[in-house]
Amino acid sequence: MLISLAAHAEKVGYRGDVLYFTADPASHPEAVHNYQDGLLIIDMGKVVAAGDYETLKTKYDVKEIVDYRGRIITPGFIDTHVHYPQISMTGSYGEQLIGCLNDYTFPTEEKFSDKQYDSHVSDTFLKQLIDNGTTTALVFATSNPVSVDALFQSALQKNMRVISGKVLMDRNAPAPLLDTPETAYSQSKALILKWQHKGRLDYAVTPRFAPTSTDAELAIAGKLLKEFPDVYLHTHLAENNQEVAWVKKLFPWSRSYLDVYDHYGLVTAKSIFAHAIHLDDQDYAVAEAKQANFSFCPTSNLFLGSGLFNLDKARKYHINVGLGTDIGAGTTFSLLQVMDEAYKVTQLRKAYSENPQEVTPLSPMENLYLATLGGAKALSLDKYIGSFENGKEADFVVLNPASTELLKMRTANSKNTADVIFPIEIMGDDRTVEHTYIMGNKAK
Ligand code: GUN
Ligand code: ZN
């Protein structure tokens, strides 16, 4: 329903249950901003204000008000680790990490050398993100620069915030996927010059993981970070025990897996490490000192039997954490479903803890924080996205608590927003995401 208020103003208001965070609610309960009859006001793709409907409707000259009462309006979800070329291998049976890479991942990624094919998959991928309420993503492409061009081109057309880069790998993978330290450097540099900061895009230097890069290539990754200090570093870290043992064998001089990356200058405030499960206290301390960031990928970690991410440890060491789908080892594009499994991982951690009374299952608000502002902080993008503070980019979603029969019955008696948002996280999916807005434009 549209209520026209003034003909000349450009501001549009969205009325509903407005919910966002200005800090981690686990340590800052006052950082939860919730207006049950709220209004989010947007102008020129940016947030003007968010607050109580009654207060804001008279304060601002709003051209129209879109009525989303009965829905939750919250910032767009942020996927901090996903592989766009792996869509077609999602849900492949029976392997753990190394077997999965050899049997499914590498053959799937070998198909990416044709612009038309890559563009088709990129478009499909971005549509999946939007359908699931994801407005920003940190994305693995393949080692072929064509795959990066295709994704960035598609993202530019949709005006989406996408961070990606060419995968670096010069050993332990099939020959067609391998580069050399020289081509890793020249191709990455050309892509950075072509795409970095174009529209809403950013570049990430992307060594696949330590086992598929030689020392010479990891040194090249470090050289690229020095030459282009505002690009990201995106890789995998300590996902699986067999992988950790392999890294020890390949880099016998290293103290730990993270130490390999640190040795080459790859642990910085713009580094995002996917998984980060099998770490010791010194690793957490190094990550904290370097302000590195972790991507928690529960659907993937459970699917591959990799392990249980330790959110308490990450909190203790003040490490920024975002959520990642990790498609195609992860099993869904839906960050709501990722939140479901994130919660269950913390329940399992509690069950197996020596001091279960000290472990609190992930709260509904903190879970949503991880998918929004937490992800934005992990990607150093919290100046632009992740909340509804004035001037931020208007990426947001409209969630319908009555989107399925089960949710409708469960939320009918909910007394507060936390008790509406929790079942949405546990039982919601793409059907729950009624609308997705990108820079104020309705994309779903
Ligand atoms: N480690 C190195 N490459 C990959 C990948 O493609 N997926 C996952 N889950 N882990 C990895
Ligand atoms: Zn991954």
Could you give me the residue pairs with C-beta distances under 6 Å whose first residue belongs to the stretch 145-170 and is among the aromatic types (F, W, Y), whose second residue is modelled with pLDDT of 95 or more and surrounded by fewer than 24 Cβ atoms within 10 Å (Cβ to Cβ) wherever it lies, and which are 6+ apart or on separate chains? F152/W195; F152/L201
Criterion first (away from ligand 1 (no atom under 16 Å from the Cβ), touching a Pro at 6+ places or on another chain (Cβ under 7 Å) and of a type outside the set (V, I, T)) does A49 satisfy it? no
For V231: the one exception among (1) touching an Asp or Glu at 6+ places or on another chain (Cβ under 8 Å); (2) within 16 Å of ligand 1 (Cβ to nearest atom); (3) under 19 Å from S380 (Cα atoms): (2)
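Is it fair to say D395 is at pLDDT 95 or above and closer than 24 Å to I319 by Cα? Working first, answer last.
Details: at pLDDT 95 or above: yes; closer than 24 Å to I319 by Cα: no.
The answer is no for D395.
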Got a sec? Which strands (runs of 3 or more DSSP E) wholly within the stretch 44-88 have at least 2 residues that are surrounded by fewer than 17 Cβ atoms within 10 Å (Cβ to Cβ)? 46-52, 62-75
So, first residue at pLDDT below 95 in the stretch 97-119, second residue not in a helix (DSSP H, G or I) and not acidic (D, E), Cβ within less than 9 Å, six or more apart or across chains; the pairs are S113/T142; S113/N144
Only unsatisfied item for K115, checking (1) crowded, with 17+ Cβ neighbours inside 10 Å; (2) farther than 30 Å from T74 by Cα, is (1)
Flag for T183 being outside any loop (DSSP other than H, G, I, E, B), within 16 Å of ligand 2 (Cβ to nearest atom) and modelled with pLDDT of 95 or more: no
Across the stretch 311-352, which residue is farthest from T90 (Cα to Cα) among those that are away from ligand 1 (no atom under 16 Å from the Cβ) and of a type in the set (F, W, Y)? Y317
I'm trying to understand the selection: among the residues of the stretch 21-42, which are free of Cβ contacts under 8 Å to residues at least 40 places away in the same chain, surrounded by fewer than 22 Cβ atoms within 10 Å (Cβ to Cβ) and part of a strand (DSSP E or B)? D37
Hey, V167 crowded, with 19+ Cβ neighbours inside 10 Å and either in contact with a Leu (Cβ under 9 Å, 6 or more places away or on another chain) or modelled with pLDDT of 95 or more (or both) or not: yes
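Name the residues in the stretch 73-110 that are among the β-branched types (V, I, T) and away from ligand 2 (no atom under 15 Å from the Cβ), would you? Spell out the reasoning first.
From the stretch 73-110, those among the β-branched types (V, I, T) are 73-74, 78, 80, 82, 87, 90, 98, 105, 108; that's our starting set.
Passing the criteria: I73, T74, I78.
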Find all pairs meeting these conditions: Cβ atoms under 6 angstrom apart; at least six residues apart or on different chains; first residue within the stretch 358-372 and farther than 14 Å from D340 by Cα; second residue surrounded by fewer than 22 Cβ atoms within 10 Å (Cβ to Cβ) and of a type outside the set (A, V, I, L, M). V359/R349; V359/K350; V359/S353
When both residues are 6+ apart or on different chains and their Cβ atoms are under 8 Å apart, which pairs have a first residue that lies in the stretch 297-316 and is acidic (D, E), and a second that is away from ligand 1 (no atom under 16 Å from the Cβ)? D312/R349; D312/V359
Is it the case that R208 is within 15 Å of ligand 2 (Cβ to nearest atom), buried (at least 20 other Cβ atoms within 10 Å of the Cβ), touching a residue at least 40 places away in the same chain (Cβ under 8 Å) and not aromatic (F, W, Y)? yes
Report yes if G305 is buried (at least 24 other Cβ atoms within 10 Å of the Cβ) and either more than 19 Å from the chain's Cα centre (by Cα) or within 19 Å of Y369 (Cα to Cα) (or both), otherwise no. no
Which of the residues spanning the stretch 308-334 are among the hydrophobic types (A, V, I, L, M, F, W, C), within 16 Å of ligand 2 (Cβ to nearest atom) and more than 19 Å from Y369 (Cα to Cα)? I327, A329
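Where in the stretch 268-351 are there strands (runs of 3 or more DSSP E), lying wholly inside it, with at least 1 residues that are at positive phi?
Values: elements: 271-275, 293-296, 320-323.
Where strands (runs of 3 or more DSSP E) fall fully within the stretch 268-351 and carry at least 1 residues being at positive phi, they are 271-275.
The values are calculated or read from the model by the stated rules, or taken from the named source; none is laboratory data. For clarity, every value in this text was computed on a predicted model and none was experimentally measured. Cβ coordinates were reconstructed from backbone atoms using ideal geometry, including for glycine residues, and neighbour counts include every protein chain displayed.
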